[in-house]
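Visitor: Just dropping this structure here.
The values are calculated or read from the model by the stated rules, or taken from the named source; none is laboratory data. Note that this is a predicted model, so its numbers are computed, not measured. Positions of Cβ are backbone-derived with ideal geometry, glycine not excepted, and every protein chain shown enters the neighbour counts.
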Amino acid sequence: MKRRTFLGLSSLSALPLPIFAAARRPTPADQEGPFYPVTTIPLRRSLILSAQIPAHETLLLSGRILNQQGQPLVNAKIEIWQCDGAGRYDHPRQPNTQQFDRRFAGYGAQITDAQGYYSFSTLYPVPYTGRPPHIHVKLWHNHQEQLTTQLYLESNSGSSGFASRDPLQIAPQQTAEGYLAANYTFVI
């Protein structure tokens, strides 16, 4: 190896490791859908409002929000909203909204901690007419909308609209307590 090449390469070793880390691919956007809540989405970790909802219908969704360099986004806001177990949203444009299951909140938000972590207790998503099971997500940072997308169940993401939903899939696993749990890291 030539001395000049060696000196050039050895000087790179003084640089911080994140420079060598590959940039993370941003989480793909997906449609907002027609039922984004019309009221302010409250901060709440649990969208389950009643102990009458069985554990096997509950999904513990957690994860992190990172930037493309892999650093946590602190104080990022994550909003989720979804239909109830019968496929109805708590929204005025939803037909039969008065039949929405009031044991379920329908939407909630969290602020990420110092490591970019969030967590929710929500319903395991169900399909409804023409749509695979999904959870809507909107991310905010510094009071600016960063991403609107949806999370789908692994191997049940449908085929219409989005060319490949693979990066948006979650794979829930059953916990010892009977709940289903899934983890998802968003990159913005």
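Visitor: VAL187 passes all but one of (1) under 16 Å from the mean Cα position of the chain (by Cα); (2) modelled with pLDDT under 95; which number fails?
Guide: Answer for VAL187: the failing condition is (2).
Visitor: If you don't mind, another one. Could you please find all residues in the range 75-102 being surrounded by fewer than 21 Cβ atoms within 10 Å (Cβ to Cβ) and among the hydroxyl-bearing types (Ser, Thr, Tyr)?
Guide: Listed by number, the list holds a single entry, THR97.
Visitor: Now a separate question. Filter the range 93-117 for residues that are in contact with a Phe, Trp or Tyr (Cβ under 8 Å, 6 or more places away or on another chain) and polar (S, T, N, Q); which is modelled with the lowest pLDDT?
Guide: Looking at the filtered set, the residue picked out is THR97.
Visitor: Please verify whether the range 40-55 includes one or more residues that are modelled with pLDDT under 95 and not in a loop (DSSP other than H, G, I, E, B).
Guide: yes
Visitor: Additional query: Please verify whether the range 110-128 includes one or more residues that are assigned to a loop (DSSP other than H, G, I, E, B), under 18 Å from PRO172 (Cα atoms) and without any contact (Cβ under 8 Å) to a residue 40 or more places away in the chain.
Guide: The first filter runs over the range 110-128 and keeps only residues assigned to a loop (DSSP other than H, G, I, E, B), leaving 112-116, 124-127.
Next cut, under 18 Å from PRO172 (Cα atoms) only: 124-127.
Of the ones still in play, those that are also without any contact (Cβ under 8 Å) to a residue 40 or more places away in the chain are none.
No, that holds for no residue.
Visitor: Being assigned to a loop (DSSP other than H, G, I, E, B) and either without any contact (Cβ under 8 Å) to a residue 24 or more places away in the chain or polar (S, T, N, Q) (or both) is the filter here; which residues of the range 89-109 pass it?
Guide: Across the range 89-109, the qualifying residues are GLN94, PRO95, ASN96, PHE100, ASP101.
Visitor: Could you list, in sequence order, all residues of the range 126-152 that are more than 17 Å from PHE186 (Cβ to Cβ) and touching a strand residue (DSSP E or B) at 6+ places or on another chain (Cβ under 9 Å)?
Guide: From the range 126-152, those more than 17 Å from PHE186 (Cβ to Cβ) are 126-133, 143; that's our starting set.
If the condition is that a residue be more than 17 Å from PHE186 (Cβ to Cβ) and touching a strand residue (DSSP E or B) at 6+ places or on another chain (Cβ under 9 Å), then PRO127, PRO132, PRO133, HIS143 are the ones that fit.
Visitor: Filter the range 36-48 for residues that are in contact with a Gly (Cβ under 9 Å, 6 or more places away or on another chain) and not aliphatic (A, V, I, L, M); which is surrounded by the most Cβ atoms within 10 Å (Cβ to Cβ)?
Guide: Step by step, filter the range 36-48, then rank; the result is PRO37.
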